[in-house]
Amino acid sequence: MAAEAFIPWPGSRIGAERLDWQVRQARADGRPAWGGATRGERSAMETMESDTDVLTAGSPVNPVGRLLVVGAGYTGRRLAAAAARQGFEVVQTSRRPPSGATPGPWLRFDTQGGVIPEPADLQRITHLFVSVPPDGQGGDPVLRLLESRLGALPLVWAGYLSTTGVYGDTAGAWVDESAPTPARPGRSQARLEAEQAWLASGLPLQIFRLPAIYGPGRTPFEALRSGTSRLIHKPGQVFSRVHVDDIVGAVLHCLALPAERRPTLLNVADDEPSSSSETLAYAAHLLGCPLPPLERFSSIEASLSPMARSFWQENRRVSNRRLCRELGYRLRYPSYREGYRDCLSSSKGEPLG
């Protein structure tokens, strides 16, 4: 493809029956159902055929455990629900009462207001999962307020959600967990400092480094429907992504492993880093709606907000080799294509190609 070329997703619509045939045909003759499909895509097709849910199958977790989820946000809530199905007793923290049903009790934890759980509320906690980001006050807010109480718990595992932003810009090169971490000043540097604080805590820690997270309610479909999406193309720029349910699946998979097999650092990303323009084009194809006008990044860079500009300044491909090959985790959504299709098909009353 030429440096400035952009090829949207083909206009042909693939129905569910046709896709199922492609899945079976690919498995029968050993070739990808889509031209140029990756091994990850073939794996996803096999997953669709077997209809296996990685959040419940193949991850036998010891049911004797009390899990504290600090930060019951988008990822934390889904982990709490999945862990409860695995037999954990789950306690969640939140700044305000959670909306809807929860799989267990909740505790108020407000880092800005200094409201923290009492020691009695944390009794028998054996597993800890933290998704609270740095708050700009230096260090990690959870450790700043709770470290002494956490240190007194009978913890056998602690998980902390970080970001692949700590790897900085690699000009599109692949990075694994051994890569340097020259994080830029700002959010990524704060995350790196938080990682270091957690490592120094002495807890039985795993750090999960995540790229862009998507899932139900967090896809390009919302912006396409509202007419607010932008089709920005920067030659050579790619982003790694991960579906929220693969974060949950990876965490539960690690909990099912013997403690000595759990790596301290773990990237959780899908198989296929892709450009923003490519993923938006595929989402528009699934919706059957037109794309917004193409904008060249070089023409609009000066008009972007500092946060948006920083988003485009880093270009890297995140390797999941340790997670998938060494630890044996099987991605439920090997690429954005499987993830977007599932998000759309599970949304209420919306058509799927």
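Here are some notes:
- When Asn320 is tested against (1) without any contact (Cβ under 8 Å) to a residue 60 or more places away in the chain; (2) farther than 29 Å from Pro180 by Cα; (3) within 18 Å of the chain's Cα centre (by Cα), just one condition goes unmet, and that condition is (2).
- Tally, over the range 176-209, of residues that are of a type outside the set (S, T, N, Q) and in contact with a strand residue (DSSP E or B) (Cβ under 6 Å, 6 or more places away or on another chain): 10
- Residue match in the range 154-161 (condition: under 20 Å from the mean Cα position of the chain (by Cα) and either farther than 21 Å from Ala197 by Cβ or free of Cβ contacts under 8 Å to residues at least 60 places away in the same chain (or both)): yes
- Check on Pro235, surrounded by fewer than 20 Cβ atoms within 10 Å (Cβ to Cβ), at pLDDT 95 or above and under 27 Å from Asp110 (Cβ atoms): no
- Extreme residue, surrounded by the most Cβ atoms within 10 Å (Cβ to Cβ), among residues of the range 138-175 that are β-branched (Val, Ile, Thr) and in a loop (DSSP other than H, G, I, E, B): Thr170
- In the range 125-137, residue surrounded by the most Cβ atoms within 10 Å (Cβ to Cβ) [restricted to those that are in contact (Cβ under 8 Å) with a residue 40 or more places away in the chain and outside any strand (DSSP E or B)]: Ser131
- Looking across the range 206-215, the residues that are within 12 Å of the chain's Cα centre (by Cα) and not charged (D, E, K, R) come down to Phe208, Leu210, Pro211, Ala212, Ile213, Tyr214, Gly215.
- Total residues in the range 298-313, condition touching a residue at least 12 places away in the same chain (Cβ under 8 Å) and closer than 27 Å to Leu344 by Cβ: 1
- In the range 103-153, the residues that are more than 23 Å from Ile247 (Cα to Cα) and of a type in the set (Gly, Ala, Ser): Gly113, Gly114, Ala120, Gly136, Gly138, Gly139, Ser148, Gly151, Ala152
- Looking across the range 254-305, the residues that are of a type outside the set (Gly, Ala, Ser), more than 24 Å from Val318 (Cβ to Cβ) and in a loop (DSSP other than H, G, I, E, B) come down to Pro258, Cys289, Pro290, Leu291, Pro292, Pro293.
- Number of positions in the range 84-124 that are touching a residue at least 12 places away in the same chain (Cβ under 8 Å) and under 12 Å from Ala72 (Cβ atoms): 16
- Test: residue in the range 278-293 that is free of Cβ contacts under 8 Å to residues at least 12 places away in the same chain and surrounded by fewer than 21 Cβ atoms within 10 Å (Cβ to Cβ): yes
- Set side by side, the residues Leu252, Leu280, Leu266, Leu257 differ, and just one is more than 15 Å from the chain's Cα centre (by Cα) and closer than 18 Å to Phe129 by Cα, which is Leu257.
- Selection count, the range 101-124, where residues are in a helix (DSSP H, G or I) and among the hydrophobic types (A, V, I, L, M, F, W, C): 2
- Residue ID - surrounded by the fewest Cβ atoms within 10 Å (Cβ to Cβ), chosen from residues in the range 180-201 that are at pLDDT 95 or above and either among the small types (Gly, Ala, Ser) or farther than 18 Å from Asn267 by Cα (or both): Ala200
- Residue count for the range 205-230 under the criterion of being surrounded by fewer than 18 Cβ atoms within 10 Å (Cβ to Cβ) and touching a Pro at 6+ places or on another chain (Cβ under 7 Å): the result is 1.
The values are calculated or read from the model by the stated rules, or taken from the named source; none is laboratory data. Keep in mind that this is a model prediction, so the values were computed, not measured. Note that we place each Cβ from the backbone using ideal geometry, even for glycine, and neighbour counts take in every protein chain shown.
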